[in-house]
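The values are calculated or read from the model by the stated rules, or taken from the named source; none is laboratory data. What you are looking at is a predicted structure, and each value in this text was computed from that prediction instead of being measured. Positions of Cβ are backbone-derived with ideal geometry, glycine not excepted, and every protein chain shown enters the neighbour counts.
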Amino acid sequence: MQTIDNFNFAGKKAFVRVDFNVPLDENFNITDDTRIRAALPTLKKILGDGGSVIIGSHLGRPKGPTDKFSLKHIKNHVSELLGVEVQFANDYMGEEASVKAAALQPGEVLLLENLRFYAEEEGKPRGLAEDATEEEKAAAKKAIKESQKEFAKKLASYADCYVNDAFGTAHRAHASTALIAEYFGTDDKMFGYLMEKEVKAVNRILNDIQRPFTAIMGGSKVSSKIEIIENLLSKVDNLIIAGGMTYTFTKALGGHIGNSICENDKLDLALELLDKAKAKGVNMVLAVDAKIADKFSNDANTQFVSVKEIPDGWEGLDIGPETEKIFTEVIRNSKTILWNGPTGVFEFDNFTHGSRAVGEAIVEATKNGAFSLVGGGDSVACVNKFGLADGVSYVSTGGGALLEAIEGKTLPGIAAIEE
Ligand code: AMP
């Protein structure tokens, strides 16, 4: 497999798929440019070698061209960060992008308009009538799949080589994340530095495990984490269940959870998971106490109670001190740690204590030699909120992509380069 370090980009044009899906305020100012900065090492390597770059990205979930999601809003910021005046192509199924790409000189950068302005990027039909028949839907799907290939081929025609640095979309078989790779030889397609780091971190969690291996699964719902929990049961030594999921497990075990969040249709599933864990010798670590609130609000009245005895009218919004002790003890003794999802409603300052304690224990374990991977949307927000990001081994930029990789699924964006 080709690597970015081994590739000499001198005189070459590289199509680089990045994830510049950054948050913008109402005046189109970037409020967090982490994702752009994350791609800089890759872009700078190519330019430093004497290559030129065609950047492709999505922004938001547009259903067609719209000013709100135009990448022109970020063009100047990318220019500033790269120290190179970035050119822009509005239209890349017409002539504009082909002409601009063909004219690119070493050291120059062309940013393409939002790839998702074209339905072909995602390969999903748009504008189907609500009363479309099944035949019409099938025909539209077939047509878009055909034109998706043409779209990928056109994008590929702008460049001599392809670099995928967009881990966040690696779980999507989109034109620019996967299909495009078919049009490049094995030696001319590779991961960017960010993608390389992400793939390495996931492989370490999946294949190179130092024990004990502890996963902390938090967040709101069991249903959204079920596949990952099942997959982890055959890998981890300890599985800590935290966050809103706690109460589905507690209720399934006969506890009284008051008004806490609960998926009543997942009670049997929770018991099944506990049985599976037992059969596999996995230590399932559940909360024993909770910080409860009399309303879903930061200024609710609060108290600490046993997780099994939450009064009606009250709901658990974080773990309690006993649980914190249990969780952090397990974490401190671990050598591999995966954290996905907060222990409570960390967006409310009065319910951050558990998540912070878990984060701090992970940092401590990491100092003592553990490998720790934090990933999946909210846990990243958590470590950033508590200023702990530098203390863990790796903070993944991928939400859905990371979870699917850990579920054991093949990610199209990775497979397209690795095969
Ligand atoms: P997820 O996207 O599944 O990782 O869930 C993250 C969300 O779960 C965060 O927005 C938390 O506020 C929420 N959450 C965590 N614990 C609880 C809880 N006990 N009750 C309600 N929501 C929770």
| request: May I ask you to list the residues in the range 379-396 that are within 17 Å of the chain's Cα centre (by Cα), closer than 23 Å to Phe348 by Cα, buried (at least 18 other Cβ atoms within 10 Å of the Cβ) and not aliphatic (A, V, I, L, M)? | output: Ser379, Cys382
| note | Going through the range 107-148 in order, the residues found to be modelled with pLDDT under 95, among the basic types (Lys, Arg) and either touching a Pro at 6+ places or on another chain (Cβ under 7 Å) or in a helix (DSSP H, G or I) (or both) are Lys137, Lys141, Lys142, Lys145
| message | Against the conditions (1) within 28 Å of Asp237 (Cα to Cα); (2) without any contact (Cβ under 8 Å) to a residue 60 or more places away in the chain, where does Lys291 fall short? Just the number, please. | response | (2)
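What strands (runs of 3 or more DSSP E), lying completely within the range 11-97, carry at least 1 residues that are crowded, with 23+ Cβ neighbours inside 10 Å and touching a strand residue (DSSP E or B) at 6+ places or on another chain (Cβ under 7 Å)? It would help to see each step written out before you state the result.
Values: elements: 13-17, 52-56, 86-89.
Of the strands (runs of 3 or more DSSP E) lying wholly inside the range 11-97, those with at least 1 residues that are crowded, with 23+ Cβ neighbours inside 10 Å and touching a strand residue (DSSP E or B) at 6+ places or on another chain (Cβ under 7 Å) span 13-17, 52-56.
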| Candidates Ser379, Ser393, filtered to the one that is closer than 19 Å to Ser220 by Cα and among the hydroxyl-bearing types (Ser, Thr, Tyr) | Ser379
| Do you know which residues across the range 1-10 are farther than 21 Å from Ala102 by Cβ and either crowded, with 16+ Cβ neighbours inside 10 Å or in contact with a Leu (Cβ under 9 Å, 6 or more places away or on another chain) (or both)? | Gln2, Ile4, Phe7
| task | Please state which of the following conditions Ala361 fails to meet, knowing it meets all the rest: (1) at pLDDT below 95; (2) more than 11 Å from the ligand (Cβ to nearest atom). | result | (1)
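The rows are residues; the columns are (1) free of Cβ contacts under 8 Å to residues at least 40 places away in the same chain; (2) at positive phi; (3) out of contact with any helix residue (DSSP H, G or I) (no Cβ under 6 Å at 6 or more places or on another chain).
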position: Lys100; (1), (2), (3): yes, no, yes
position: Phe117; (1), (2), (3): no, no, yes
position: Leu128; (1), (2), (3): yes, no, no
position: Gln148; (1), (2), (3): yes, no, no
position: Glu196; (1), (2), (3): no, no, yes
position: Leu206; (1), (2), (3): no, no, yes
| query | What about Glu309, is it under 27 Å from Asn231 (Cβ atoms) and either charged (D, E, K, R) or away from the ligand (no atom under 16 Å from the Cβ) (or both)? | reply | no
| field | When residues of the range 331-356 are limited to those that are more than 14 Å from the ligand (Cβ to nearest atom) and of a type outside the set (D, E, K, R), the one surrounded by the most Cβ atoms within 10 Å (Cβ to Cβ) | value | Ile337
| said: Given the criterion closer than 17 Å to Val16 by Cβ, among the basic types (Lys, Arg), modelled with pLDDT of 95 or more and more than 30 Å from the chain's Cα centre (by Cα), identify the matching residue among Lys75, Lys100. | reply: Lys100
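With Glu80, Glu95 as the choices, which residue is under 22 Å from Leu179 (Cα atoms) and of a type outside the set (Phe, Trp, Tyr)?
On inspection, the qualifying residue turns out to be Glu95.
Can you name the residue in the range 282-293 that is touching an Asp or Glu at 6+ places or on another chain (Cβ under 8 Å) and assigned to a loop (DSSP other than H, G, I, E, B) and, of all such residues, is surrounded by the fewest Cβ atoms within 10 Å (Cβ to Cβ)?
Per the stated criteria, the residue is Val288.
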| said: Tell me the residue from Thr328, Thr366 that is more than 16 Å from the ligand (Cβ to nearest atom), in a helix (DSSP H, G or I) and either more than 21 Å from Asn238 (Cβ to Cβ) or in contact with a strand residue (DSSP E or B) (Cβ under 6 Å, 6 or more places away or on another chain) (or both), please. | reply: Thr366
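Can you tell me which residues in the range 294-312 are of a type in the set (Asp, Glu) and assigned to a loop (DSSP other than H, G, I, E, B)?
Scanning the range 294-312 gives Asp294, Asp299, Asp312.
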| request: Could you grab me the full set of residues in the range 97-154 that are more than 29 Å from Lys68 (Cβ to Cβ) and polar (S, T, N, Q)? | output: Gln105, Thr133
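Based on what the data block shows, is Thr323 of a type outside the set (A, V, I, L, M), crowded, with 16+ Cβ neighbours inside 10 Å, away from the ligand (no atom under 16 Å from the Cβ) and at pLDDT 95 or above?
Working: of a type outside the set (A, V, I, L, M): yes; crowded, with 16+ Cβ neighbours inside 10 Å: yes; away from the ligand (no atom under 16 Å from the Cβ): no; at pLDDT 95 or above: yes.
No; evaluated as a whole, the condition is false for this residue.
Go through Phe386, Phe371 for me and flag whichever is in contact with an Asp or Glu (Cβ under 9 Å, 6 or more places away or on another chain), more than 14 Å from the ligand (Cβ to nearest atom) and closer than 25 Å to Glu322 by Cα.
Phe386
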| For Asp299: the one exception among (1) over 26 Å from the mean Cα position of the chain (by Cα); (2) surrounded by fewer than 21 Cβ atoms within 10 Å (Cβ to Cβ); (3) within 11 Å of the ligand (Cβ to nearest atom); (4) acidic (Asp, Glu) | (3)
